[in-house]
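Worksheet: the structure to be examined is printed underneath.
The values are calculated or read from the model by the stated rules, or taken from the named source; none is laboratory data. Note that the coordinates shown come from a computational prediction; the quantities given were computed from them, not determined experimentally. Please note: Cβ atoms are built from the backbone with ideal geometry, for glycine as well, and neighbour counts cover all protein chains shown.
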């Protein structure tokens, strides 16, 4: 197994031909020599192993992964995948015990050539969710900041409104993982909605606050419609020559989740002074600080409850400033 993992083809041949080593011996994780060669991208070793009549090409690891799953991990995956599919008929649709198919592995690792090959051969895989979290190839590419793969999948008309098992969409996933350049691309091209909510009623801004993603919060706030101006903007919309002039990607900072919490509530609960200060900087009405959640708690109540003096000071200074 070590020889296959290291790509030592000459030594591997010697072990098999002279010492009759079992080519199908597996490691502690159930990986055979073929799995390991695929994982490391050693194409010459893969060609040799698959030429042996005793090699179990369809063998799976302990978690049910095939050689195709392993191949999608490496940067040299494309020729290996092509060989295994076209010459040995391995199934591109096979899922392991975690419900993950080779397409998910290729998207996660940014293997664009392999993603293209898989989608062209099995178009139905474009929308296949993995079973643990319900992430489609598009959502996985967003999660791992694989922008070239994201662009390709969008070009193939993937479902931009896809959501995972928690109702999170691409903007939520980017916000949670701090994938700013991917979110910028999606927003700039109107591929996502910054006001969409998941099953908890969280917008991407809620998610970014919970994940403590300062730069992401800053970016989202620059896309904000001040809450005091929403009704005014809706009225002005009718007087515009073109209704489309009202940019639909702007985010509502005062959105409340299923518990009635705004992003400011969540920041105050966590006692994060920098985030509290940043959020209140974009508030243009004192009413924002007084919004109660479903328990009747305002951000002021929450910041007092956690005993964060710095966050409380930042909030009170902002409240006093807005009341002047």
(request) Could you figure out which of (1) at pLDDT below 85; (2) loosely packed, with under 13 Cβ neighbours inside 10 Å isn't true of residue 227? (result) (2)
(message) Please go through (1) out of contact with any helix residue (DSSP H, G or I) (no Cβ under 6 Å at 6 or more places or on another chain); (2) surrounded by 16 or more Cβ atoms within 10 Å (Cβ to Cβ); (3) modelled with pLDDT under 95 for residue 235 and return the number of the only condition it doesn't satisfy.
(response) (2)
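Report yes if some residue within the stretch 200-223 is in a loop (DSSP other than H, G, I, E, B) and modelled with pLDDT under 95; otherwise report no. Spell out the reasoning first.
Our first condition is that a residue be in a loop (DSSP other than H, G, I, E, B); within the stretch 200-223, this holds for 200-203, 211-213, 222-223.
Next, only the ones that are modelled with pLDDT under 95 stay: 222-223.
The answer is yes, given that some residue of the stretch 200-223 is in a loop (DSSP other than H, G, I, E, B) and modelled with pLDDT under 95.
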(message) Among the residues in the stretch 293-300, are any free of Cβ contacts under 8 Å to residues at least 12 places away in the same chain, more than 19 Å from residue 205 (Cβ to Cβ) and in the same structural domain as residue 214 (by the TED database)?
(response) yes
(request) All but one of (1) over 22 Å from residue 95 (Cα atoms); (2) at pLDDT 95 or above; (3) exposed (fewer than 15 other Cβ atoms within 10 Å of the Cβ) hold for residue 43, so report the exception by its number. (result) (3)
(message) Here is a check on your reading of the model: is residue 140 crowded, with 18+ Cβ neighbours inside 10 Å, assigned by the TED database to the domain that holds residue 107 and within 9 Å of the chain's Cα centre (by Cα)?
(response) yes
(request) Spot the failing condition for residue 130; the list is (1) in contact with a helix residue (DSSP H, G or I) (Cβ under 8 Å, 6 or more places away or on another chain); (2) assigned to a helix (DSSP H, G or I); (3) under 21 Å from residue 91 (Cα atoms), and only one is missed. (result) (2)
(request) Any chance you could count how many residues in the stretch 154-167 are surrounded by 15 or more Cβ atoms within 10 Å (Cβ to Cβ) and within 14 Å of the chain's Cα centre (by Cα)? (result) 5
(message) Just to be sure before I move on: is residue 81 buried (at least 17 other Cβ atoms within 10 Å of the Cβ), more than 23 Å from residue 199 (Cα to Cα), touching a residue at least 24 places away in the same chain (Cβ under 8 Å) and over 19 Å from the mean Cα position of the chain (by Cα) in the structure I sent?
(response) yes
